[in-house]
1. Take Thr10 and decide whether it is of a type outside the set (D, E, K, R) and at pLDDT 90 or above.
2. Kindly list, by first and then second residue, each pair from a residue in the range 1-16 that is farther than 18 Å from Ala28 by Cβ to a residue that is modelled with pLDDT of 95 or more and of a type in the set (Val, Ile, Thr), limited to pairs with Cβ atoms under 6 Å and residues at least 6 apart or on different chains.
3. Name the single residue that is surrounded by the fewest Cβ atoms within 10 Å (Cβ to Cβ) among those in the range 13-61 being outside any helix (DSSP H, G or I) and modelled with pLDDT of 95 or more.
Amino acid sequence: MACPICEKPTETAFRPFCSKRCADLDLAKWFNGGYAIPADAPEDAEELEIQLQQADTQKPH
């Protein structure tokens, strides 16, 4: 299996990556929204926000 960042062979300790560096680069992409799927319609975001607010108010505190 090849590292998804640099295509080198993976190392067991860092699987599916070849090194800590590549694992950290992948994590940085997640933190920076590099893997986000853009929405076409702004109402999608508004609907999601409403659903999240409703779910939060229904949680027992």
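1. On the way: of a type outside the set (D, E, K, R): yes; at pLDDT 90 or above: yes.
When the stated conditions are applied, Thr10 passes them.
2. Met1/Thr10
3. Here the residue is Arg15.
The values are calculated or read from the model by the stated rules, or taken from the named source; none is laboratory data. Values in this document were obtained by computation on a predicted structure and should not be read as measured data. Quick reminder, even Gly has a Cβ in these numbers, built from the backbone with ideal geometry, and neighbours come from all protein chains shown.
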